[in-house]
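Colleague: Here it is: the structure, laid out below.
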Amino acid sequence: YELYVNAIPDPVEHTPSYLFVFRDRTSEEMADEMKNEFISIVSHELRTPLATVLGFMEILLHRDIAKEKQKKYMETIYKEANRLSNLINDFLDLQRMESGKQTYQMVPANLSAIVRDVAEQWQGKHNHRAELHIEPDVFVTADIDRMTQVMHNLISNAVKYSPDADKIVVKLRKDEEHAVVEVRDFGLGIPEDAKEKLFSKFYRVDNSDRRQIGGTGLGLAIVKEIVDSHNGTLSFDSELGQGSTFRVRLRTYSVSGLGGKVVIIED
Ligand code: ADP
């Protein structure tokens with residue numbers, strides 16, 4: 001808030017009256033903050049991959065280089081352009097969620113099917129085997145696309161941050177009135193001092209064994225936003241060098257008021 005105080009002389013009493021004006025600057029400040037954040041992202045996060053793309057494009061266009069090298073350069077360009085595209089998409093997703101503009105299509109959703117689909121999509125893409133322990137037909141109230149994004153981000157992290165392991169474990173069980181999804185890996189783990197910052201935007205653990213692993217630092221911030229919007233909880237256990245388990249807890253959707261049966265009423 002901004003506070004203005006005006007003294008108004010009172011001709012009769014000879015003591016002034018005071019006018020206090022409070023101005024709510026929340027929305028202006030939020031807009032300023034968003035602008036600053038955007039400028040800092042453009043300067044750090046976007047310029048680096050863009051410079052790489054332009055540098056390699058220039059070499060390809062203006063110099064004679066061997067075919068093999070050309071292919072290598074093009075692969076780098078493709079990787080960096082992909083990174084830029086992911087960064088922009090993640091950033092816009094998160095901005096929409098944080099500003100409350102994201103709408104969620106909440107429907108009764110079969111979480112077992114969502115988790116299984118995402119885990120199976122990852123089967124073919126990497127060297128890890130996904131061990132699945134999924135209780136069938138666990139229903140929750142959720143936005144199916146956003147919940148798919150949650151599972152995708154957690155499973156892709158489990159794979160990315162366990163480069164030397166050959167499996168990940170994905171579990172879904174019903175725990176009284178909750179559905180609990182666990183994504184476990186046997187990889188790098190998370191250092192103690194990083195744990196409290198892990199869900200912050202753009203935060204990435206920066207040490208030598210992770211420098212080669214691509215990412216935007218937005219994946220877990222997005223997961224947290226989505227899980228919070230579903231009134232769920234997100235937590236993790238991790239030990240450095242041993243691996244991590246990320247856990248999402250959501251209330252199950254219940255049709256118990258109908259005696260456990262879904263009744264379809266036609267008119
Ligand atoms: P990123 O795009 O960097 O993967 P995230 O927001 O998904 O961004 O994760 C933030 C950071 O948390 C990562 O950079 C990584 O260091 C750490 N992290 C996330 N998941 C795991 C995991 N399963 N094992 C180890 N570290 C992880």
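Taken together, the values in this text are just the output of simple stated rules run on the coordinates, not laboratory data. Everything numeric here is computed off the predicted structure, so don't read it as measured data. FYI the Cβ positions are ideal-geometry reconstructions off the backbone, even for glycines, and counts take in every protein chain you see.
Colleague: Please give me the summed charge of the neighbours of ASN110: other residues whose Cβ is under 12 Å from its Cβ, Lys and Arg +1, Asp and Glu -1.
Modeller: -2
Colleague: Continuing with the same structure: Report the gain in length on full extension from ASP164 to ASP32: 0.36 nm times residue separation, minus Cα-Cα distance, nm rounded to one decimal.
Modeller: 43.2 nm
Colleague: Please find the FRET efficiency linking LEU19 to ASN231, where r is the Cβ-Cβ separation and R0 is fixed at 51 Å, and quote it to the nearest 0.05.
Modeller: 0.70
Colleague: Based on a Kirkwood Rh over C-alpha pairs, give the Stokes-Einstein translational diffusion coefficient of the chain at 25 °C and viscosity 0.890 mPa s in µm²/s.
Modeller: 110
Colleague: Roughly how compact is region 87-188, stated as its Cα Rg over 2.2 N^0.38 Å to two decimals?
Modeller: 1.15
Colleague: Considering Cα pairs under 8 angstrom that are at least six residues apart, work out the relative contact order of region 25-95 and quote it in whole percent.
Modeller: With pairs under 8 Å counted, the relative contact order is 37 percent.
Colleague: Given Cα pairs under 8 Å that are at least 6 residues apart, what percent is the relative contact order of the chain?
Modeller: 15 percent.
Colleague: For region 241-254, take each phi angle, set θ = phi - 60°, evaluate the Karplus expression 6.51 cos²θ - 1.76 cosθ + 1.60, and give the result in whole Hz per residue in order, putting x for glycine and proline.
Modeller: x, 10, x, 9, 10, 9, 10, 10, 10, 10, 5, 6, 7, 10
Colleague: Another one. Could you tell me which trypsin sites (Lys or Arg not before Pro) in region 102-160 are loop residues by DSSP with no more than 13 other beta carbons within 10 angstrom of their beta carbon?
Modeller: LYS125
Colleague: With θ set to phi - 60° and the Karplus curve 6.51 cos²θ - 1.76 cosθ + 1.60, what are the ³J(HN,Hα) couplings of region 175-185 in order, to the nearest whole Hz, using x for Gly and Pro?
Modeller: Computed from phi, the couplings for region 175-185 are 10, 6, 9, 10, 9, 10, 9, 10, 10, 10, 10 Hz.
Colleague: Next question, about the same structure. Going through the cross-link list LYS35/LYS167; LYS71/LYS195; LYS174/LYS197; LYS71/LYS197; LYS71/LYS224, which pairs have a Cα-Cα distance over 32 Å in this structure?
Modeller: Exceeds cut-off: LYS35/LYS167; LYS71/LYS195; LYS71/LYS197; LYS71/LYS224.
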